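Presented below is the structure to which this report refers.
Nothing in this text is a laboratory measurement; each read-out follows from the coordinates by a stated rule. In this text the structure is predicted, and so the values were computed from the model without any measurement. Cβ atoms come from the backbone with ideal geometry, glycine included; neighbour counts cover every protein chain shown.
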Amino acid sequence: MKLEEAISALISPDEALFEALRREFHTQSLPRNELVFSLGNVARHIFYIEKGLARMFYYNESGKDITYEFFPENNFMAPSESFLEQKPSQYSIELLEDSELRFISQDGLNRLLEEFPVVEKIKSHILAHFLYQANRRIVALQFQNAQQRYETLEQTKGNILQRAPLGHIASYLGITQETLSRIRGRK
């Protein structure tokens, strides 16, 4: 889904707003394995993934990278706490597939908000989505066993199971690849 379609699903934009969106959102095509955001940087952009797949990850105390979230197409992505607070992030974002991205700077978003107050609905939707993802992740890790976490991933983002490397899926679920293989074998 193109960015304009996603925004039209949230509000009823007029041509002036569409023109402003085209002015403030930039387009970038990037190859798989590209880091679009690196650990320790301040998030100055929000990305919308029109095509492709990305993951946000961090490094645990032993230096192993752990997938925190997957972002398939039609999703906004950013290390939200870094974007909101303008502080260095503990996360990186890596593309798992060749991707088409749209992105807007914080200044660009502020210009849109000043010119078009209705854009606040879009911003609220994005922030609510980030909050929902974080809450879903916490609930899964606190209250679900490995099998249930796998089933939740299958129900909410099933195509990721065919698109993402098994190691990233296992780290997202908080399990080993061997446990993931046993769970998949039972299905």
May I ask you to list the residues in the range 111-137 that are within 20 Å of P72 (Cβ to Cβ) and free of Cβ contacts under 8 Å to residues at least 60 places away in the same chain? L127, A128, H129, F130, L131, Y132, A134, N135, R136
Looking only at the range 162-177, count every residue that is touching a residue at least 12 places away in the same chain (Cβ under 8 Å) and surrounded by 14 or more Cβ atoms within 10 Å (Cβ to Cβ) and tell me the total. 9
Considering only residues that are surrounded by 14 or more Cβ atoms within 10 Å (Cβ to Cβ) and out of contact with any Phe, Trp or Tyr (no Cβ under 9 Å at 6 or more places or on another chain), look in the range 100-109 and name the one that is farthest from E69 (Cα to Cα). L109
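Within the range 138-160, how many residues are assigned to a helix (DSSP H, G or I), in contact (Cβ under 8 Å) with a residue 12 or more places away in the chain and surrounded by fewer than 15 Cβ atoms within 10 Å (Cβ to Cβ)?
2
When you go through F18, F25, F57, F71 one by one, which is the residue that is closer than 22 Å to H125 by Cβ, within 16 Å of the chain's Cα centre (by Cα) and either crowded, with 16+ Cβ neighbours inside 10 Å or not β-branched (V, I, T) (or both)? Outline the logic, then answer.
Numbers: F18 fails: within 16 Å of the chain's Cα centre (by Cα); F25 fails: within 16 Å of the chain's Cα centre (by Cα); F57 fails: closer than 22 Å to H125 by Cβ.
Going through F18, F25, F57, F71 in turn, just one is closer than 22 Å to H125 by Cβ, within 16 Å of the chain's Cα centre (by Cα) and either crowded, with 16+ Cβ neighbours inside 10 Å or not β-branched (V, I, T) (or both): F71.
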Identify, from the list L127, L96, L112, the residue that is under 14 Å from L21 (Cα atoms), touching a helix residue (DSSP H, G or I) at 6+ places or on another chain (Cβ under 8 Å), surrounded by 14 or more Cβ atoms within 10 Å (Cβ to Cβ) and not small (G, A, S). L112
In the range 1-60, which residues are without any contact (Cβ under 8 Å) to a residue 40 or more places away in the chain and part of a strand (DSSP E or B)? M56, Y58, Y59
Closer than 16 Å to F37 by Cβ and among the polar types (S, T, N, Q), is that true of S171? no
